[in-house]
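Visitor: Sharing a structure with you now.
The values are calculated or read from the model by the stated rules, or taken from the named source; none is laboratory data. Owing to the predicted nature of the structure, the values given are computational and were not obtained by experimental measurement. Positions of Cβ are backbone-derived with ideal geometry, glycine not excepted, and every protein chain shown enters the neighbour counts. These accessible areas exclude ligands, DNA and RNA; they are computed on the full protein's heavy atoms, side chains included. Shrake-Rupley method; radii C 1.70, N 1.55, O 1.52, S 1.80 Å.
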Amino acid sequence: MNAPNPHHLMGAYVLGGLDAADAALFESHLQACAACRKELAVLEKVPMLLDALPVPDAVALTAASGGSESAPATVPGQLFDELARRRRTVRRRWAALAGAVAAAFLAVGLAVGPMLVRPPQPDATYSVAAGSGLQVNIDMARKTWGTELAVSGSSLPSQGTLSLWVRDRAGGEDRACAWTATPSGKVRITGATPIQLGSISSVELRDGTQRAVAVIAVP
């Protein structure tokens, strides 16, 4: 590039678009031109601001403010101001986006959290009720060592000791848990038996005299 006035090289120099010969020519001009040195001190920040813009936007800004082909090829002050404004806008947009993403992850976390701590669903659930109001519910879960039984009941005997017995299909039985009766007749307790779920034929709730208070048959 050869230009009659090295001042016209200002814009290309700032953006790194000069070849070695023209860059040397412009730098030689700078030594003798205080006005160009002052303008260059302002425009040295333009490349950094351009990096914050999409290429089409930067080109459009330059075209809009460059004027005719005969106008000096420098970047005017209003372009610098516009680039600074655009950069602030980009920062605000990124901050808003980051906040929205954080809020989205928080919302997802709040929604997923209860599912993560929700207890595993039982493999089988049985219940029995009597005319006296007695009710017993049992959730059974398969385990490698046998079966876990989550027991809840209401209107149970309010005195003595109660126990839950599991009977297998071969006629054997095992006590899964025992507890002292509560005055309210309610209970929520977890028991365990080495009998596998598929081998259980029935579950019995017995009082302190080993009388069956409730029997649940397992198909």
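Visitor: Can you report the number of residues in the stretch 201-219 which are assigned to a loop (DSSP other than H, G, I, E, B) and charged (D, E, K, R)?
Guide: Total meeting the criteria: 2.
Visitor: Can you name every residue in the stretch 119-153 that is in a strand (DSSP E or B), hydroxyl-bearing (S, T, Y) and open to solvent by 40 Å² or more (accessible area, probe 1.4 Å)?
Guide: T125, Y126, S127
Visitor: Consider the stretch 202-219. How many of its residues are open to solvent by less than 30 Å² (accessible area, probe 1.4 Å) and either touching a Pro at 6+ places or on another chain (Cβ under 8 Å) or small (G, A, S) (or both)?
Guide: Number of matching residues: 3.
Visitor: If you scan the stretch 174-200, which residues turn out to be open to solvent by 30 Å² or more (accessible area, probe 1.4 Å), in a strand (DSSP E or B) and in contact (Cβ under 8 Å) with a residue 24 or more places away in the chain?
Guide: Once the filter is applied, which keeps residues that are open to solvent by 30 Å² or more (accessible area, probe 1.4 Å), in a strand (DSSP E or B) and in contact (Cβ under 8 Å) with a residue 24 or more places away in the chain, the stretch 174-200 yields R188, I189, T190, A192.
Results for (1) surrounded by 11 or more Cβ atoms within 10 Å (Cβ to Cβ); (2) modelled with pLDDT under 60; (3) in a helix (DSSP H, G or I), shown as yes or no for each residue.
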site: D22; (1), (2), (3): yes, no, yes
site: L25; (1), (2), (3): yes, no, yes
site: L30; (1), (2), (3): yes, no, yes
site: A35; (1), (2), (3): no, no, yes
site: E39; (1), (2), (3): yes, no, yes
site: M48; (1), (2), (3): no, no, yes
site: L53; (1), (2), (3): yes, yes, no
site: T62; (1), (2), (3): yes, yes, yes
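Visitor: State all residues of the stretch 1-20 that are in a helix (DSSP H, G or I) and free of Cβ contacts under 8 Å to residues at least 12 places away in the same chain; if no residue qualifies, say none.
Guide: Within the stretch 1-20, the first condition is being in a helix (DSSP H, G or I), and the residues that meet it are 6-14, 20.
Hit for the stretch 1-20 is A20, nothing else.
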